[in-house]
Each structure stands twice: as structure tokens, then as C-alpha cells.
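Visitor: There's a structure below that I have some questions on.
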Amino acid sequence: MASQKKAPSIEHFTNPTNSIGYLLRIAFRSFSRALEKRTLPVGVTSGQWRFLRVLWAQDGLTQIELSRRVGMREPTTVAAVNGLERSGYVVRRQSSKDRRKVHVHLTARAKRLKLKLMPFVAEVNALGLEGLSPKQVATFRKVLLKVTDNLSRDDGDSYHDSGLWSRRSDPES
């Protein structure tokens, strides 16, 4: 007979460091600040970075699809795309097939930024993962992907449909 796992008590979670969600939020903020420290001198904020990263993977997404893939609400995406447009990183084009849809396309300037900014990602990841073995990093990635999978099924999130899951790589497996 399989033993059942007992969930931690509510009291356990009164200490924020016992909450995986809290720790992930703190880690995310730390990664974001470290990355922005490197991208701001090039003229890219952390908010812009999230959208550029998705558009580098697939240019010409609709605003709705871009919103889904970045994990932001549509009004936030509209504001972010407005800022990206003002900065000269994207242009909007109405769909030739469906006039209700607007596609977001990278400018040549934004495309050139990818080669300049991606080394910062490697640098910040190395900084954040310092002291962990390659095996620990691989396990950590697998655990994070599983947590994301579990939670996305609960809230109907669409990360699986974004195409990012099919491109994930794991050199350890």
C-alpha cells in the first residue's frame, strides 16, 4: 500500500521562505534586476525585454498571442507594445486576413539587439546558478518545468501552446 504524503501545515507557510511561490518570486525579481542592470545601458527595460525575447523566438505575433506568451494581460501588453513602438523596436501591422488582428513585428534595430543582449542572459544565469553542479541545474530546471506544468493546468495558462515548451532543451537528459 502506497503511503500518502501529508501536506505541510498552514503554520509552516507563515515563514515566507517555506513557500516555493514566495521564493520563486524573490528569485525572479533578483534575476530581473540583475538582467536590467545590464540591459538598461543599451536602452532596454526589463519590461521591454520580456516582449523582445518572445518576438525574437517568433516575430509577427498578434498582440493577443504576444500577451499569452509573455504571460501578461492584454492591456499591459498594449501599453508595453506602445512603449516598444516609441523606442523604435517594433511596428504594428494590421492583418491582411483579419482586419481585427494586429501583428507586432520587430524592427531591424530590435533584431540587432538580440546578439548584444543574449550574452547578458548567459551572464545572469551563471551568476544565479553559481555553486550548483550541472546535475543540480538540470534537476532544478526539471522541477521548475513540472511546477509550471502543474500550475498552468490549474489556471488554464497557455505556456504549452506558446511553442516554448517544444524548444526547451536539457543537455543532461
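The values are calculated or read from the model by the stated rules, or taken from the named source; none is laboratory data. All values derive from a computational prediction rather than experimental measurement. Neighbour counts are summed over all protein chains in view; Cβ atoms, including those assigned to glycine, are modelled from backbone coordinates with ideal geometry.
Visitor: Residue check: is F28 over 23 Å from the mean Cα position of the chain (by Cα) and either surrounded by 12 or more Cβ atoms within 10 Å (Cβ to Cβ) or closer than 27 Å to A122 by Cα (or both)?
Guide: no
Visitor: Counting only residues that are part of a strand (DSSP E or B) and surrounded by fewer than 14 Cβ atoms within 10 Å (Cβ to Cβ), how many does the stretch 93-104 have?
Guide: From the stretch 93-104, those part of a strand (DSSP E or B) are 93-94, 102-104; that's our starting set.
If we keep only those that are surrounded by fewer than 14 Cβ atoms within 10 Å (Cβ to Cβ) as well, we get 93-94.
Number of matching residues: 2.
Visitor: So, one more: Give the residue, chosen from V70, V42, V78, V90, that is in contact (Cβ under 8 Å) with a residue 12 or more places away in the chain and exposed (fewer than 12 other Cβ atoms within 10 Å of the Cβ).
Guide: V42
Visitor: So which residues in the stretch 1-39 are charged (D, E, K, R) and in contact (Cβ under 8 Å) with a residue 12 or more places away in the chain?
Guide: First, pick out the residues of the stretch 1-39 that are charged (D, E, K, R): 5-6, 11, 25, 29, 33, 36-38.
Passing the criteria: R33, E36, R38.
Visitor: Among the candidates L145, L151, L84, single out the residue that is closer than 20 Å to S32 by Cα, exposed (fewer than 15 other Cβ atoms within 10 Å of the Cβ), modelled with pLDDT of 85 or more and aliphatic (A, V, I, L, M). Can you show your working first?
Guide: Numbers: L151 fails: closer than 20 Å to S32 by Cα; L84 fails: exposed (fewer than 15 other Cβ atoms within 10 Å of the Cβ).
Exactly one of L145, L151, L84 is closer than 20 Å to S32 by Cα, exposed (fewer than 15 other Cβ atoms within 10 Å of the Cβ), modelled with pLDDT of 85 or more and aliphatic (A, V, I, L, M), namely L145.
Visitor: Before we move on, is G131 loosely packed, with under 14 Cβ neighbours inside 10 Å and within 30 Å of G21 (Cβ to Cβ)? Working first, answer last.
Guide: Numbers: loosely packed, with under 14 Cβ neighbours inside 10 Å: yes; within 30 Å of G21 (Cβ to Cβ): yes.
Yes, satisfied.
Visitor: Out of (1) surrounded by 12 or more Cβ atoms within 10 Å (Cβ to Cβ); (2) free of Cβ contacts under 8 Å to residues at least 24 places away in the same chain, the odd one out for A57 is which?
Guide: Here A57 meets the rest and fails (2).
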